[in-house]
There are 2 protein chains.
Amino acid sequence: MRGSDMKTRQIIHFGGNYRARGSKGSTVLPWFTMPIIECVPNISEGRRADVVQGIVGAIAAVPQVTVLDSSSDASHNRSVLTLAGDPSSLTAAVMAMVEATLQVVDLRRHQGEHPRLGAVDVIPFIPIEGVTMADCVALARDVGAALAARFALPVFLYEEAASTPARRNLEDIRRGEFEGLAAKLALPEWRPDFGPAAPHKSAGAVVVGARAPLIAYNINLATDRLDVAKKIAAAIRHSSGGLRFVKAMGIPLADRGIVQVSMNLTNAEKTPMFRVFELVKREAARYGVAVLESEIVGLVPAAALVASAEWYLQLEGFAPDQVLEQRLRAKRG
Amino acid sequence: MRGSDMKTRQIIHFGGNYRARGSKGSTVLPWFTMPIIECVPNISEGRRADVVQGIVGAIAAVPQVTVLDSSSDASHNRSVLTLAGDPSSLTAAVMAMVEATLQVVDLRRHQGEHPRLGAVDVIPFIPIEGVTMADCVALARDVGAALAARFALPVFLYEEAASTPARRNLEDIRRGEFEGLAAKLALPEWRPDFGPAAPHKSAGAVVVGARAPLIAYNINLATDRLDVAKKIAAAIRHSSGGLRFVKAMGIPLADRGIVQVSMNLTNAEKTPMFRVFELVKREAARYGVAVLESEIVGLVPAAALVASAEWYLQLEGFAPDQVLEQRLRAKRG
């Protein structure tokens, strides 16, 4: 039905584009006039709240940049910041962040569970709206060159921005960590993409790149059988034959007496949440186990949720600009 | 998992509020600084595209108002406009729209399938973000009073803004239509809420009100059995014992050789899409019929889709501000 009308069937449109086909909820929305890039820097400081606040303050002082979140982990002694903005303002924000961090973080005195190569460890750029991955790759290269020039930091490019396949995976670049960095940089195959082939004495190196939005997605099982969680994780993750853009492991949630399939969805456009959820549910059923609940840790692009609603509701011919808030932003730019 | 980190379990937050409980995706988001009200005027002109374009132009000329859509139905000779803005700019837009419409639409020469009482037939205000239903009721009363004063139009308030229960339903107010309006207005129980107790000679009367967002939602069945669509519609609609906020009817889609359960969801927060879809699917199965697909006609609030993703993915502790675009707008205001 249309509005309060119980009879309308065919609708002529002057303005809108209700039934536009082709553009799906899970794609970047090309009509957005304001490009949105997400940037998720990981900083090697997660214990001194005042220090993290100071770094966040330096970023927030940059116009046109929004600090969406800041979360710190004491045991990892690491903070994950989430910024959003356009390419030029994000560049200014990253420069301000690195300058502020180098003044207060010294890796020679840093300890924490999480592997790290630099005081500012990783800087990924992520296309959200009105920009392509190619735009983010170009931004990563520009920012990497600027960081090397201004702070004499060795810079590695990773994932979509990697200069060679051997540098796609962050884990490979980070192997050896800060303590092994000097030796690693001395190897011909590990010359940095920008900057000196020697570590910054207090800040090590920085890894800059571009990647698809990453969703931290966990599914809790109504059982305490860790073997089941581990078997399901092995079945669904890419590394052992599962879905292309899923990293997964089975872990216990001891305090609740249940187990969890803990995942990173590294490209929810190509490996969507609903497919992961349904596959985990099916694998669990094979062991007589039910799915208790799932959870998203941190932020999720609207398109990932819209795509799930679309799939479960079997929506046909749905276009992202049917979402009122998106239509409003598209029209207002 | 958190970011690229396979180990993080407990996360301390300085800035964000990842796991905030209580505020669900299907509620109005209180932290939005810019209030968004939707207004969906129905105009008694759906055949002269240039005339409708002129009226839309008059609205679009008002600052701070966005025309989200304009769709016209020739057989109904009726157009449905969708506007969004804040209370004061929407008031200005409605005044401009009525002034423009009265100059070009004369109900004495209007014919169409759809029942109508006025040249501008219905003006509902709908809370979308950062506003309450009470705000929209107040706006409807203010706009109704202003329309009566400026254009000498009889004004009826309906739905949430109704002055008496007998005036809640649009169908009851509109019964008798333009042709029977003079006699209706003469009855004591049908004195208008504002304006003269006699019709505007060319424009009749206008019905102004406030209501929840309405979703035009259809489910197509993999059968040509109209009786099945009608039985399902009867089972799920409020009027015959079904779900509280569902209007439904079974209709044939002759060109495709299938049938459709055609619905209006009049309060998708209290009667959500996923529950309607699952109930229709179950009722269809009872007749050995499968659901082929569903469709949303026109716009849908993001919260309705997010709520469906939340339900199907069994998401626990999900907060609307985990949606990146919403967090971004909330922070930017």
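The values are calculated or read from the model by the stated rules, or taken from the named source; none is laboratory data. A quick note: this is a predicted structure, and the numbers were derived from the prediction, not measured. Neighbour counts are summed over all protein chains in view; Cβ atoms, including those assigned to glycine, are modelled from backbone coordinates with ideal geometry. Surface accessibility is based on the protein's heavy atoms, side chains included, excluding ligands, DNA and RNA. Shrake-Rupley method; radii C 1.70, N 1.55, O 1.52, S 1.80 Å.
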For this session: Considering only the stretch B:308-325, state which residues are assigned to a helix (DSSP H, G or I) and either at the interface with chain A (Cβ under 7 Å from one of its Cβ atoms) or modelled with pLDDT of 95 or more (or both).
Result: B:Ser308, B:Ala309, B:Glu310, B:Trp311, B:Tyr312, B:Gln322, B:Leu324, B:Glu325
For this session: Just give me the residues in the stretch A:247-293 being free of Cβ contacts under 8 Å to residues at least 40 places away in the same chain and among the aliphatic types (A, V, I, L, M), in sequence order.
Result: A:Ala248, A:Met249, A:Ile251, A:Leu253, A:Ala254, A:Ile258, A:Val259, A:Ala285
Exercise. For A:Ala58, are the conditions met, namely being farther than 20 Å from A:Arg211 by Cα and not in a strand (DSSP E or B)?
Worked result: yes
For this session: Name the residue, out of B:Ala268, B:Ala304, that is in contact with a strand residue (DSSP E or B) (Cβ under 9 Å, 6 or more places away or on another chain) and not in a helix (DSSP H, G or I).
Result: B:Ala268
For this session: Tell me which of these A:Pro252 doesn't satisfy, since it passes every other one: (1) modelled with pLDDT under 95; (2) buried (at least 20 other Cβ atoms within 10 Å of the Cβ); (3) not in a helix (DSSP H, G or I).
Result: (2)
Exercise. If you go through the stretch A:290-307 one residue at a time, how many are more than 7 Å from chain B (Cβ to nearest Cβ) and over 25 Å from B:Arg282 (Cβ atoms)?
Worked result: 2
For this session: Would you please name the residue that is surrounded by the most Cβ atoms within 10 Å (Cβ to Cβ), looking only at residues in the stretch B:266-276 that are closer than 16 Å to A:Gln314 by Cβ and more than 9 Å from every other protein chain (Cβ to nearest Cβ)?
Result: B:Val276
Problem set entry | Given (1) closer than 29 Å to B:Ala290 by Cβ; (2) more than 11 Å from chain B (Cβ to nearest Cβ); (3) β-branched (Val, Ile, Thr), index of the condition A:Ile258 fails | (1)
For this session: Mind counting the residues in the stretch B:115-139 that are within 21 Å of B:Leu185 (Cβ to Cβ) and in a loop (DSSP other than H, G, I, E, B)?
Result: 4
For this session: Take the stretch A:58-91 and flag every residue that is in contact with a Ser or Thr (Cβ under 6 Å, 6 or more places away or on another chain) and open to solvent by 30 Å² or more (accessible area, probe 1.4 Å).
Result: A:Gln64
For this session: Tell me which residues, restricted to the stretch B:206-227, are among the hydrophobic types (A, V, I, L, M, F, W, C) and either away from every other protein chain (no Cβ under 12 Å) or open to solvent by 30 Å² or more (accessible area, probe 1.4 Å) (or both).
Result: B:Val206, B:Val208, B:Ala210, B:Ala212, B:Leu214, B:Ala222, B:Leu226
For this session: With the condition kept exactly as written, say whether any residue in the stretch A:181-204 is surrounded by 24 or more Cβ atoms within 10 Å (Cβ to Cβ) and within 14 Å of another protein chain (Cβ to nearest Cβ).
Result: no
For this session: Out of the residues in the stretch B:140-160 that are outside any helix (DSSP H, G or I) and among the hydrophobic types (A, V, I, L, M, F, W, C), state the one that is nearest to the chain's Cα centre (by Cα).
Result: B:Leu157
Exercise. Quick check, is A:Phe151 touching a residue at least 40 places away in the same chain (Cβ under 8 Å), more than 13 Å from chain B (Cβ to nearest Cβ) and touching a Cys at 6+ places or on another chain (Cβ under 6 Å)?
Worked result: no
For this session: Among the residues of the stretch A:94-134, write down those that are of a type in the set (D, E, K, R) and closer than 16 Å to A:Ile59 by Cα.
Result: A:Glu99
Exercise. Quick one: is A:Ala248 more than 20 Å from B:Gly317 (Cα to Cα) and more than 10 Å from chain B (Cβ to nearest Cβ)?
Worked result: no
Seminar exercise, completed: Looking across the stretch A:82-107 at residues that are outside any helix (DSSP H, G or I) and farther than 24 Å from A:Lys201 by Cα, the single one that is farthest from the chain's Cα centre (by Cα) is A:Asp86
For this session: Please enumerate the residues belonging to the stretch A:280-326 that are over 30 Å from A:Asn220 (Cα atoms) and open to solvent by 10 Å² or more (accessible area, probe 1.4 Å).
Result: A:Glu316, A:Asp321, A:Glu325, A:Gln326
Exercise. In the stretch B:92-116, which residue that is open to solvent by less than 40 Å² (accessible area, probe 1.4 Å) and β-branched (Val, Ile, Thr) is nearest to B:Thr66 (Cα to Cα)?
Worked result: B:Val94
Problem set entry | Residues of the stretch A:117-158 satisfying the condition of being out of contact with any helix residue (DSSP H, G or I) (no Cβ under 8 Å at 6 or more places or on another chain), open to solvent by less than 30 Å² (accessible area, probe 1.4 Å) and over 22 Å from A:Ala84 (Cβ atoms) | A:Ala148
